[in-house]
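The values are calculated or read from the model by the stated rules, or taken from the named source; none is laboratory data. For clarity, every value in this text was computed on a predicted model and none was experimentally measured. Cβ sites come from the backbone with ideal geometry, for glycine too, and all protein chains shown count toward neighbours.
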Amino acid sequence: MSDLKIGIIVGSTRPGRLGRMVGDWVEANAAAEGVEFELVDLHDYKLPLLEEAYPAGAGNYQGDAANAWASKIGEFDGYLFVTGEYNHSIPGALKNALDYVNAEWNNKAAGIVSYGSMGGVRAGEHLRQVLGELQMADVRQHVMFSLFTDFSGMAEGAPSFTPAENKAEELQTQVSQVVAWANALRSVRVSQETIAA
């Protein structure tokens, strides 16, 4: 089989977001033999608020944006989701992107990297519920960043990302879990494709 491909999904699109800094750090620090990591920034996809005539489960995507998104998501064996915490949950842009497609997410592995005043823990827990419905296997390791200790320059309006040293080790634990599950679930997908054929 070919190497695994893991998408790093940056889940916020608003101006001034911190998610891209976190996503860039994840991309720079995620490593595993035989695995390709790719940063996927939702800001680049300009998905309108769900405007598809058919439910995502039908796989009958009508719009150009939906088809481009489905094609990109379908390339991966697993995902590392980078999410901020907005009002105790995930950003609306991330929920919208998750809702746009269905089968492209199924039987794939997922890890959660979050940030917020409480490390984004509540967003992560909400995200786990959505991932379960989309038949993704989320791993135990959750990498969390605090707005108070992992970022600097917030009060001055010029934030920078300064994660604690142990965060890279936490990410590697998560990556190893995602890779293990992604390998296992690829076998499940191959088996299902064989049965369908």
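Structure data summary
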item: Unique match (being surrounded by fewer than 18 Cβ atoms within 10 Å (Cβ to Cβ), out of contact with any strand residue (DSSP E or B) (no Cβ under 8 Å at 6 or more places or on another chain), more than 18 Å from G23 (Cβ to Cβ) and modelled with pLDDT of 95 or more) among S187, S176; result: S176
item: Condition met for D99 (in contact with a helix residue (DSSP H, G or I) (Cβ under 9 Å, 6 or more places away or on another chain), under 19 Å from T13 (Cβ atoms) and either surrounded by fewer than 18 Cβ atoms within 10 Å (Cβ to Cβ) or modelled with pLDDT under 95 (or both)); result: yes
item: Residues of region 153-166 classified as in contact (Cβ under 8 Å) with a residue 60 or more places away in the chain and either in contact with a Pro (Cβ under 8 Å, 6 or more places away or on another chain) or of a type outside the set (F, W, Y) (or both), total; result: 3
item: Qualifying position, being touching a residue at least 60 places away in the same chain (Cβ under 8 Å), of a type in the set (A, V, I, L, M) and within 21 Å of I6 (Cα to Cα), among A68, A97; result: A97
item: Considering residues of region 73-91 that are surrounded by fewer than 22 Cβ atoms within 10 Å (Cβ to Cβ) and either hydroxyl-bearing (S, T, Y) or without any contact (Cβ under 8 Å) to a residue 40 or more places away in the chain (or both) only, the residue farthest from G120 (Cα to Cα); result: G74
item: Residue list for region 150-177, filter: under 20 Å from the mean Cα position of the chain (by Cα) and not in a loop (DSSP other than H, G, I, E, B); result: F161, K167, A168, E169, E170, L171, Q172, T173, Q174, V175, S176, Q177
item: Count - residues of region 140-154 that are of a type in the set (G, A, S) and surrounded by 14 or more Cβ atoms within 10 Å (Cβ to Cβ); result: 1
item: Which listed residue is among the aliphatic types (A, V, I, L, M), closer than 24 Å to N29 by Cα and assigned to a helix (DSSP H, G or I), from L127, L98, L80, L39; result: L127
item: Number of the exception - G157 against (1) surrounded by 15 or more Cβ atoms within 10 Å (Cβ to Cβ); (2) more than 23 Å from D3 (Cα to Cα); result: (1)
item: Selection within region 42-63 - outside any loop (DSSP other than H, G, I, E, B) and of a type in the set (A, V, I, L, M, F, W, C); result: L42, A56, A58
item: Complete set of residues in region 1-51 that are more than 20 Å from A70 (Cβ to Cβ), of a type in the set (S, T, Y) and modelled with pLDDT of 95 or more; result: S12
item: Region 178-197: number of residues that are β-branched (V, I, T) and within 17 Å of the chain's Cα centre (by Cα); result: 2
